[in-house]
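First comes the structure, then the notes that go with it.
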Amino acid sequence: MPPSTIQHRRTHNLLLINKLLSQRDAVSPFTLVLDNLEQSARPFISDYMRRAKASNVNIVFVSFETLRRPKHADIIVPAWKLSLQAWQKEVTEALKGRQGQRSLLVIDTLNPLCATESTNLAAVLSSFISPTTSLLAVYHQDVPRPHLTSGKDAYSPAPLTLLRYLATTVFTVASLHHVLARKAARERSHIEPSFGLDEGREGVIQGQGANDKNGIVLEMEHRRKSGRGVKEAYFLPSTASRMMNGQWEVTLLEDHPLYRSPDQATNDESEADGTFELGLTDKQKRDREGVVLPYFDAQKGGGDGGRILYDMGSEDDFDEEEDEI
């Protein structure tokens, strides 16, 4: 890939992630966040809400598992103790009270809805989305699905498949420690390690390095209005030293010093200079200046009517009939 194309992709994807996190231009009406026990989505949701609040966005928080009111939420709806119709009504009233202002509806987990309203999941979620309202929801991938007691859902798609289809942007969060460990195994042609429940060991719930305090890896899948998909991996640091203007600085994962290998950095620098040398050495420049082209002598002669001047070399075979001028 040419260096200009690589730089264009990097710049475009960094601008895209900042637009998504800052709720600008309604880039993503429905953003789905996938997490598990190895990496919780709470730090990412907190930063998402902080950026939205800085952009003067009204935040309505629907709580199924959060007991304490989030810091940046304007209105909290305790859905865990209300029926579906009751909390739907509260959300609708909260959104109507801020007409004309952009709003962000945050649902801390979709698993209860997927368990009880799997057939009406698309209708329930779509009822909240509007030109001025965006939806941000979390789905826990390691929570087992309840067994079907009837055959009415036998031919329906799985809830996660349906959510991926509905979402315009999907973020999958991962621990930086686990991502680096898998990358190191791939570079050595080893089997990638498993963590937590995937290890299959009795009593192991979380693996070593879960919920890395250094930051979060975000694997993004964004679908544009044209249907074209954009995939990119980002790193969201959590340390105060990486903050910029009160917000976390988001970078491409390939730019992380621990993820980027020295060989890759060297190759990138050589690719930036081009695949071959376009310049000339001093000797090549002198040789070029010493070359006398045929039309130079014709210009000096003047008035010869287009006469062709040619000096024969020792290797030329002279023919009197064909070469006579």
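The values are calculated or read from the model by the stated rules, or taken from the named source; none is laboratory data. Keep in mind it's a predicted model, so treat the numbers as computed, not measured. Here the Cβ positions follow ideal geometry from the backbone for every residue, glycine too, while neighbour counts run over all protein chains shown. Accessible surface is based on the protein model in full, side chains and every heavy atom, while ligands, DNA and RNA are left aside. Shrake-Rupley method; radii C 1.70, N 1.55, O 1.52, S 1.80 Å.
The table for this structure:
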item: Area of Phe64 that stays accessible when all protein chains are in place (1.4 Å probe, Å², to 10); result: 40
item: Local electrostatic count at Ala137 - Lys and Arg +1, Asp and Glu -1, tallied over other residues with Cβ under 13 Å; result: -2
item: Reach of Lys89 by Cα under 21 Å, taken over lysines that are not fewer than 8 positions away in the same chain; result: Lys81
item: Accessible area (Å², per residue) of segment 15-97, counting only protein heavy atoms and a probe of 1.4 Å; result: 46
item: Sequence of Glu65, Glu199, Glu315 when ordered by accessible area, the most exposed leading, probe 1.4 angstrom; result: Glu315, Glu65, Glu199
item: Inter-label distance, nm, simple model (7 Å from Cα along the C-beta direction), Leu258/Ala184; result: 1.0
